[in-house]
Every structure is written in structure tokens, then in C-alpha cells.
Amino acid sequence: MASLRLVATLAPSGPPPPPRRERRRPPSAVRPTGGVGLAVAAATVATVAAAAASPPALAALSEPANALSLPTWAVHVSSVAEWVTAMWLVWDYGERTGLKGWKGLSWGMVPLLGGAMCACTWHFFYNSESLEVLVALQGALTVIGNITMCIAAYRIFKASQEGSKTS
């Protein structure tokens, strides 16, 4: 036992650890929980900062209550761009492979693009009642586009079945 006391007294000791400070936690009603609380806090700070930084001239340029937000416009425009890209890729695949059915699928996608353009046009004019016909046209083009794509897909299926019988 004496040897253990000798080792303990001869062992080098570093500086004592800093004293622990007690952290006060905010009340549970104020404490943000997870990402939701942080998102709400960030949105509040951003809203207050934007309101304080906006000049009075911008306040006069207010949009109607039914105007689409910038993120919603981004979704609309990117969806149309993706659809056009998909149409081009399907057409290109049909040209490279020589399978005409794929070009037909690309043509079948055109009415759906027209429906997307109707929706974007209607929203651009703040969902004007005078342009309600665009809503009906969009619905009709969507039905027509779904039918034409279904027919084109069936033609691709039949062509692949005939191709597999000859091989």
C-alpha cells in the first residue's frame, strides 16, 4: 500500500481542470426543438430584416394576394424546362436507335407542354378571371396528353414485342 502512495505522489499532475459552469437552459416554451425551431427563428429574423431594409418605393409595388412566390415560380419554370429537356432526350433516343415509336412519344408529350404553358400564363396574369378559359384548356390538354402518351407507350411496347419475336 505504501508503494501505491509513493507512485501517486510522484506522478506528474497537470493543472487542475477548470471549474464547471452551470448553463441555464431557457424555459421549454422558448427553447427551439430541432430543425423546426431553428427554421422558424431564421424565418422570423429574415422577415424582420427584410421589412426594415425595404425602401418605401418597393412597398408601393405590392402584388395581389394571389401572386405566386419566387420559389413557386422557380418550380413552375424548372418543371417546364425539365419537360422540354425530356422531350428532346426522347426524340434524340429515337433518332439514335432508329425506333420511330420514341419519336412518337416525344410528339405525345407536346399537349402536356401546352397545358404547362397555360398554367404558367394564367399565373403570370395573377389568375385573372378573364383568363379562366386557360384553366379549362389546361385540363383538356392534360387529358389529351395523357392519352397520346399512353398510345405512344403502347406503340413502343408493341414494337419491342415484334422486335423480340424476330430475334
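Computed values, structure above
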{"read-out": "Single residue of the range 121-144 satisfying the filter (crowded, with 17+ Cβ neighbours inside 10 Å and either among the acidic types (Asp, Glu) or out of contact with any Gly (no Cβ under 6 Å at 6 or more places or on another chain) (or both)) that is farthest from Val77 (Cα to Cα)", "value": "Leu137"}
{"read-out": "Members of the range 60-89 that are open to solvent by less than 50 Å² (accessible area, probe 1.4 Å) and modelled with pLDDT under 95", "value": "Ala67, Leu68"}
{"read-out": "Close pairs from the range 106-126: first closer than 19 Å to Ala153 by Cβ, partner open to solvent by less than 30 Å² (accessible area, probe 1.4 Å) and not charged (D, E, K, R), Cβ under 6 Å, at least 6 apart", "value": "Ser106/Met87; Ser106/Val90; Gly108/Ala152; Met109/Met87; Pro111/Gly145; Leu112/Gly145"}
{"read-out": "Filter result (touching a residue at least 12 places away in the same chain (Cβ under 8 Å) and in a helix (DSSP H, G or I)) within the range 127-136", "value": "Leu134, Val135"}
{"read-out": "Total residues in the range 90-105, condition surrounded by 16 or more Cβ atoms within 10 Å (Cβ to Cβ) and free of Cβ contacts under 8 Å to residues at least 40 places away in the same chain", "value": "4"}
{"read-out": "Residue check for Gly115: buried (at least 17 other Cβ atoms within 10 Å of the Cβ) and under 26 Å from the mean Cα position of the chain (by Cα)", "value": "yes"}
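The values are calculated or read from the model by the stated rules, or taken from the named source; none is laboratory data. Quick caveat, the model's predicted, so the values are computed rather than measured. For neighbour counting, all protein chains shown are included, and Cβ atoms are generated from backbone atoms with ideal geometry for every residue, glycine included. In case anyone asks, the SASA skips ligands and DNA or RNA and just uses the protein heavy atoms, side chains included. Shrake-Rupley method; radii C 1.70, N 1.55, O 1.52, S 1.80 Å.
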